[in-house]
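The values are calculated or read from the model by the stated rules, or taken from the named source; none is laboratory data. Since we're looking at a predicted model, the values are computed, not measured. Virtual Cβ from ideal backbone geometry, glycine too; neighbours counted across all protein chains shown. Side chains included, ligands, DNA and RNA excluded: accessible areas come from the protein's heavy atoms. Shrake-Rupley method; radii C 1.70, N 1.55, O 1.52, S 1.80 Å.
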Amino acid sequence: MTSAAGGHERLYRGLLRLYPADYRAHYSDQMVQLFTDQRREVGTTRAWLRAPADVISTALGEHLRRNRTVAHSMTLAPTPAGRLLGLLGILGGGFLLMGYINLEAWTPELVNLRLVLFNLGAIAIAIGVHLRQADAGRLLSLSGAIPVVLSNVTYVAFLLLMFAEPWQLGGERTHPANLWEMSAVAMWLSNAWFGLVTLRLGVMNGWSAFTLMIGSIAAFAGMGYFGLAANGTLGETVKMTLMALHGLAWVLLGLELAFRRRPAPTASASEG
Amino acid sequence: MSARQTDSGSQPAISRTAMLILLAIGPEERHGYAIMGEVARITDGATKLGPGGVYTTIRRLLEDGLIEESDERPDPEMDDQRRRYYRLTGLGRAVVATEARRLESLVAAAKPWALEAR
């Protein structure tokens, strides 16, 4: 095998990570081989043009199917605390999404209140998701949840300070507005990391975690550090769409916490 | 789920992709690449399945008991030994026959006017 062919195989194998782990365990080798055959037949460019749609559509189907067919006996109903945290997360994500409705009623006070409620929802989700996925990797899960809680708490603290003495947002970058902006950076980056950790642990729905990660990065990029934010442009529209997906991700995670059955603790976990 | 119960009887009806893969396997034992090629051939190139489409459907057909994996491996000089071959089960053959008869009756219903009108 040439190194170029090996590179294509590795890249394709990476794409296959979108499938559930049990599916990959059975079929990834065969799929890589079939992709190699396909490349040989129709050419590398054409094979790669077809691959993403093929993988994404069928991987989504496998995830939905897996969610339906997880053995009932291996799962437990959500705890009351889990349901509550999930519902708070749904509300939080909903409040974030409300920002995309162009209302004249959005006074600065209402915007800040909306953001506070969103932050509380994000904190609830971080705690709820950690409780659910800790068995799969306690330290990694904590490394995702703690930064989310701390950064969102900090952000809320600044918002509450601004309630008391409303500094102009987006005005001169002076203390404490500058610190407020830095807390926003920390919040978006920690949310993105949390999405990545959740995706890696694989207990929650992978698409929700992936969407959270992408949406958080879009929100961070949208702060203008990379010159990506430009009002009225296509880039701005794309950014806003991805940021809206970020809100949707919190709602989806909340729905999963509140209503989807959770994995039963493993024997080793319950012994420990 | 590739197979589901119909209102009219106990035989399952299957998705179009699943039916194409069953037809592509036919009376032979075939591996994924051969199945992909055969699906393109029998649909005159109208349906080109990718690896995802092939193997997610194969998985469901295996679970539904419509196909099974062959234990035999090809001669290493003739083919790659890592390939897995699939063949229809008795149930798989019955499903293909039922679906073919169903399609046949639809074609018969259309023939007097829709097909003759061309």
- How much length is gained on full extension from A:Glu181 to A:Leu139, taking 0.36 nm per residue of separation minus their Cα-Cα distance? 12.3 nm
- Report ³J(HN,Hα) in whole Hz for each residue of the range A:139-149, in order, from the Karplus equation J = 6.51 cos²θ - 1.76 cosθ + 1.60 where θ = phi - 60°; Gly and Pro get x. 5, 4, 4, 5, 5, x, 6, 4, x, 5, 4
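Pull out the extension gain between A:Asp22 and A:Ser57, defined as 0.36 nm times the separation in residues minus the alpha carbon to alpha carbon distance; nm, one decimal. Please list the in-between numbers first.
Details: separation 35, 0.36 × 35 = 12.60 nm, distance 1.74 nm.
Here the segment from A:Asp22 to A:Ser57 would lengthen by 10.9 nm.
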- Query: For A:Ile90, what is the net charge nearby, where nearby means another residue's Cβ is under 15 Å from its Cβ and Lys, Arg count +1, Asp, Glu -1?
  - Reply: +2
- Which residues qualify? For B:Tyr86, with a placed amide H closer than 5 Å and at least 5 residues away or on another chain, they are B:Arg30, B:His31, B:Ser70
- In this structure, the FRET efficiency calculated for B:Arg41 and A:Met240 from their beta-carbon separation, with R0 = 51 Å, to the nearest 0.05, is 0.65
- Query: Residue-wise, which Karplus ³J(HN,Hα) couplings in Hz belong to the range A:20-34, taking 6.51 cos²θ - 1.76 cosθ + 1.60, θ = phi - 60°, and x for glycine or proline?
  - Reply: x, 4, 5, 5, 4, 4, 8, 10, 5, 4, 5, 5, 5, 5, 5
- Note on the structure: Under 5 Å from the placed amide H of B:Ile67, counting only residues 5+ away or on other chains, we find B:Leu62, B:Thr89
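Kindly compute the accessible surface that chains B and A hide from a 1.4 Å probe when together, both sides summed, and give it to the nearest 100 Å².
Working: alone 7750 and 15110 Å², together 20990 Å².
Interface between B and A: roughly 1900 Å².
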- Pull out the extension gain between A:Phe259 and A:Tyr100, defined as 0.36 nm times the separation in residues minus the alpha carbon to alpha carbon distance; nm, one decimal. 54.6 nm
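Quick one: net charge of A:Leu257's neighbours, Cβ under 13 Å, K/R +1, D/E -1?
Here the count lands on +4.
Based on the Cβ-Cβ distance from B:Lys48 to B:Glu72, what FRET efficiency comes out when R0 is 30 Å, to the nearest 0.05? Numbers along the way, then the final one.
Details: r = 28 Å, r/R0 = 0.94.
Once rounded, the FRET efficiency stands at 0.60.
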